[in-house]
Structure formats: C-alpha cells, structure tokens
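Reviewing the structure listed below.
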Amino acid sequence: MLSFIQRFSSEVIGSLSGFDRLRFRGTKRLLNTQGGMHTFLWHKQVLLKDFKSYVCDVTDSLRRSVEHAAAGAGRPLIFLNHGERKEDLAQRVAQRDGVSSGLICVFSAVESCFSWSVHPDRASKRLVLEGGPKKCLHYYHYYLHPQLGLMHARLQTWFPFTIQVCLNGREWLARQMDQAGIGYVKKDNCFVDVQDLQAAQALLDSQLETDWPTLLGGIAASSNPAEQEIFGDFAVPYYWSVDESEWATDFLFRSPEALAALYPRLLRHGTFVLGSADVLRYLGRKLTPQGGIKGSFVGEVTTDLKERPEGMRIKHQLGRNWVKMYDKQGSVLRIETVINDARDLKVYRSKEGDESGEKQWLRLRKGVADLCRRTEVSHKSNGRYADSLARVADTKPLAEVTEPLSEPVLWHGRRARGLNVMGAEDASLLEAVSRGEFLINGLRNKDIRGLLYAASEQTKRESAAVTRRLRLLRAHGLITKVPKTHRYVLSEKGRSACCAILAARQADTATLLQAA
C-alpha cells in the first residue's frame, strides 16, 4: 500500500486495511451425514417410522423458545414475505425503539435449506433416511452486539440446525474506537476521517486474534435457546467455517475533489492496463489459438464496470472470487478482495490429525483455523492492485524503464538476454504475467503455457519453453518465486514496468503525438 500513498501523498491522508463483511457458517457435522444422523436418532431412541413426528415436535419446541425469548426481551418477531433488505429494516426498528444494545428484532422467513426426510424404499422394502434440498422457516436475529456492533444470525429451524453469522469489521472497529477514545467520522460502513489512523489500524489487526469458536458459539447459543433441550447430554458442537470474506483497504483522501480528479484515471487503468479490453480474455481461462472462447468453456468470467448511486465500481471476477475498486462517500477509495471459493488457495500447514508432522503447502480450508492465511492472501491481492494503481500518470520517462530491461544481465552466474519489450513475443509474455486473475494466487507454468501456446501434443516442449521465459523474467527482477511453491508473482519493479510498457503499446499514434 505504501507505494500508492507515497505516489499520491499530497491527496491521501492514509489507509485502513481489515475485514469488511464476514459470513460464517456453523455446521453440526455429525448431523450432516446419514450415519451421524442415525447415531443421534439411536441415542434418542427414535425409530424411523416416528421420525416425522419427532422432528416436527423438535422444530415446534425451537420456534416456541425463540418466540418466548423475543417476547421476554420486549422485541418484535416479524414474518417477512417480500424482498426488503433486512438490515435496513432492522436499523429502522432500532431507531424507532431506541435500541442501543442487545437484540433488535427477530425476522422469520421461509427459505431453502438442506434437511432430512424418511421415505419407503421399494427395492429394500424398508424406510430410509435421505438428505436433500428443502424449504423451512429461518429466524434472523439482529443484534447491536456490545463488541461487534450491528450483526445478525440466521438459524435454520429444521435438522441439522445450520446457522450463519454475519458481521462487519468496520462496525466492529467503530465499537473498538469508541472504547479506546479515538475520534472518527463514519458514513455507512466506512470512515471518512479518523483521529489516529495508526491506532485504528492496530485495532483492525487485533480482530485477527479473535477466538472465533468461542465468540460465534456464544452468538449461536443466544439465537437458539432450545439447544440444551434438543440435545441434552448428547452435545453436537458447531464446526465454524467462512462462507464469504471481504478484505477491504480504504484510502482516505483529503477532499472529495481530490478523489474525483484522480478516479477516472484509475478506472481507465483498471479497465485497459491491468488486462485486455476484451472482457472474456482479461480474466478468462484457456482460449483458442485465434483468441476465441473454447466450446467446452462453462461459466462466466468478467471485468465489470458499473455505475452506482455513489459512483463507479470496477470488478475483476474469476469464478466466485473477485477484486473490485470503488469510491465511497466521496473521499474514500476502496480496494476489496472477496473470497467465496478458497479451493485454489494454499496454506503452509501440517496435515489434519498430525499437528506435529512436517508442514507443507496444502489446500486452504474453509474453517476458521485458516482465516489468517485467507486474510494474508486478500491483503497481498489488495496491495498488488494498489501498487499497480500507483503507476497511473507516472512521470518517469518510458526509456528509463525499458532501457535496463533491454540489456543482458547475469543471474546466478549465467547470462540472460535483454528483453524486446516492444516485440510481439516478449510483450505477449508481459501481458500474460500481468493479467488480473493472477493478483490473488500468483501464476504457474501451466497458466502461462495455456495463454501463450495453442493446444498441442508437445506439452513438454512448451513447458520447458515457458520455464526458460519465466527464468528470463526472474533474471530481470520482474517476477519473484513464492517460496516452496511453483507459483510466481509480479515484483514491484515488474508491476511498474508491465503497466508502462503495455500502456505504451496500447496508446494510439494521435495520443503519443499529443504527448510529444
């Protein structure tokens, strides 16, 4: 982030990086499997023929306990059958009733879920337990939490009683700064002014040290007062995972006019320099030799520029993850990385069940145990995006950037040729390694191979060629290797050089003549 702040130091006060929206899922894993559900029913001495009446009684008990708890707190329980935003409605209820802490209200709505049912199987002539998609009543408990601020919990009233807890890191920070006596001006979910940015950043960082199972478990217990009645001495704890995480970096500008003057250039940079003007190719998968979409491609990959009431937003989306930039409340520039699907991310850890074993790079888990690594990846993604934006309107002459790259260099005792940055071959390599989809998780040999070469049987030859070309970029300091992986990321020098070179290649003659 430092390069962006230094580049625009006359306009930017500072930055804040931390959680925005976080959505956790609490799952009773035992009850999510057929065998585990059978174990629970056996413990409760419930036969499959009595399953329906038993689960209906349990759900009725849960509903009565929630309604009784809401009435005891003097808070309304409202059934919703329309599309109004629940958070807006909860805020209006809190303002109307003067609620400053605790439960605001409870909403109920019929929504989709996973649950169990029993039906006869003709082949075996027995009753069988089967899980699948259903619809049931859900309760939304909205709280003004003493620690987290405005947040809510969504409880499923049918087995296996899955719960979601949704909170906002900026709401949480406001409570932290209130307790620390730090002055601030907050609009919506961002801060347009903070008395002590360094102290506020330290408070945001402290959120990562939270004991998540204890915090979330307490919220779940408040939202389901029938928990003990349902399970008794057969405790089934929740396993907490992260369904969605938003990690936001806010740059606070001195005035709305300063951001308004710069923002159009940042949008143009994000649209045309960070990738191709062709939306599908910008964040796409492997393409045909002619640059078209493969017939086997299924999905949607986009770079989206959208006008909102507050301003313009650009989003670079790959599958269910994306990086986006937008202006908020006139004077705040936000860069945000959203991770909904962590399957392609890695974490350096031991295997589950062998905590003392050798550590290695393994798939990132959705559980809260890997939340710190998830935020590290998101923060680096925001940083790379911000560093790229710092090159906007850079006054350094292009020759000063390209001349050192065109000269041969020595790297690990071996000579590496200079780059022909305006030639098609080397320029296509620079364009490939600077694509937006590599911001979050870096790039691999096979990623670049799919972009530079058409499909063929000579995969070993192509792989070796890409290895040599990546080695060439490493020799010139344009990319760096992620330790103990086969992935690479653009260095600060690489981001600067690639942005300048690709922008120069895309500029038309009239623009260059006007600049001259």
Subject >> √(5λ) per eigenvalue of the Cα gyration tensor, region 398-515, largest first, Å >> reply: 24, 17, 15
Original post:
Given H placed 1.01 Å from N in the peptide plane, which residues other than close sequence neighbours of GLU244 have an amide H under 5 Å from its amide H?
Top reply: ARG23
Subject >> LYS28 long-range amide H proximity, modeled H, under 5 Å >> reply: TYR239
**OP:** Compute the separation of the alpha-carbon centres of region 403-424 and region 207-258 and state it in Å as a whole number.
**Re:** 51 Å
Subject >> Ranked CYS56, CYS498, CYS113, CYS136, criterion: other C-beta atoms within 10 Å, fewest first >> reply: CYS56, CYS136, CYS113, CYS498
Original post:
Taking θ as phi - 60°, what are the ³J(HN,Hα) couplings along region 318-334 by the Karplus curve (6.51, -1.76, 1.60), each to the nearest whole Hz, with x for Gly and Pro?
Top reply: 10, x, 9, 10, 7, 10, 9, 9, 7, 9, 10, 6, x, 10, 10, 9, 10
Subject >> Sequence-separation-based contact order of region 310-384, relative, with Cα cut under 8 Å and 6+ spacing, percent >> reply: 22 percent
Subject >> From phi via Karplus (6.51, -1.76, 1.60), per-residue ³J(HN,Hα) for region 128-136 in Hz, x at Gly/Pro >> reply: 10, 9, 9, x, x, x, 9, 10, 8
Subject >> Summed residue charge, Cβ within 15 Å of LYS52's Cβ, Lys/Arg positive, Asp/Glu negative >> reply: -1
Original post:
Roughly how many debye, to the nearest 20, is the charge dipole of the chain about its Cα centre, given +1 on each Lys and Arg Cβ, -1 on each Asp and Glu Cβ, and no other charges?
Top reply: 1820 debye
Subject >> Ordering of 361-369, 437-445 by burial proxy (mean other Cβ atoms within 10 Å per residue, highest first) >> reply: 437-445, 361-369
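When DSSP assigns beta bridges and you keep just the ones with both residues in the chain, what percent turn out antiparallel, to the nearest 5?
95 percent
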Subject >> Of ALA369, VAL165, HIS412, farthest towards positive along the dipole that unit charges on Lys, Arg, Asp, Glu beta carbons give the chain >> reply: HIS412
Original post:
What are the ³J(HN,Hα) values, in whole Hz, obtained from phi via the Karplus relation 6.51 cos²θ - 1.76 cosθ + 1.60 with θ = phi - 60°, for each residue of region 142-153 in sequence order, with x given for Gly and Pro?
Top reply: 9, 10, 9, 6, x, 9, 9, x, 5, 7, 8, 10
**OP:** Could you list which residues have their amide H under 5 Å from that of SER108, counting only those 5 or more apart in sequence or on another chain, with H placed in the peptide plane?
**Re:** ILE78, PHE79, LEU80, TYR140
Original post:
Roughly how many Å is it from the Cα centre of region 460-492 to that of region 318-359, as a whole number?
Top reply: 23 Å
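I need the helices of the chain that pass two filters: whole DSSP H segments spanning 18 Å or more by Cα along the axis, and mean Kyte-Doolittle score no lower than -0.5.
Details: long enough: 51-72 (31 Å, -0.20); 256-268 (19 Å, 0.28); 371-389 (27 Å, -1.04); 459-475 (24 Å, -0.65); 492-506 (21 Å, -0.04).
Membrane-span-like by this criterion, though nothing is claimed about a membrane: 51-72, 256-268, 492-506.
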Original post:
Under a no-solvent Debye model with one identical scatterer per Cα of region 29-161, what's log10 I(q)/I(0) at q = 0.10, 0.16, 0.22 Å⁻¹?
Top reply: -0.43, -0.87, -1.28
Original post:
Packing-wise, with mean Cβ within 10 Å as the measure, how do 88-94, 68-74, 336-342 rank, highest first?
Top reply: 336-342, 88-94, 68-74
**OP:** Give, rounded to the nearest 20 debye, the magnitude of the charge dipole that region 29-161 has about its Cα centre when Lys and Arg contribute +1 at Cβ and Asp and Glu contribute -1 at Cβ.
**Re:** 340 debye
Subject >> Unit charges at the beta carbon, dipole of the chain: most positive-side option, ILE314, TYR142, TYR488 >> reply: TYR488
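The numbers here are math on the coordinates, done by the rules we state, and not lab data. Just so you know, these numbers come straight off a predicted model, no measurement behind them. As a convention, Cβ positions derive from the backbone with ideal geometry for all residues, glycine included, and neighbour counts pool all protein chains shown.
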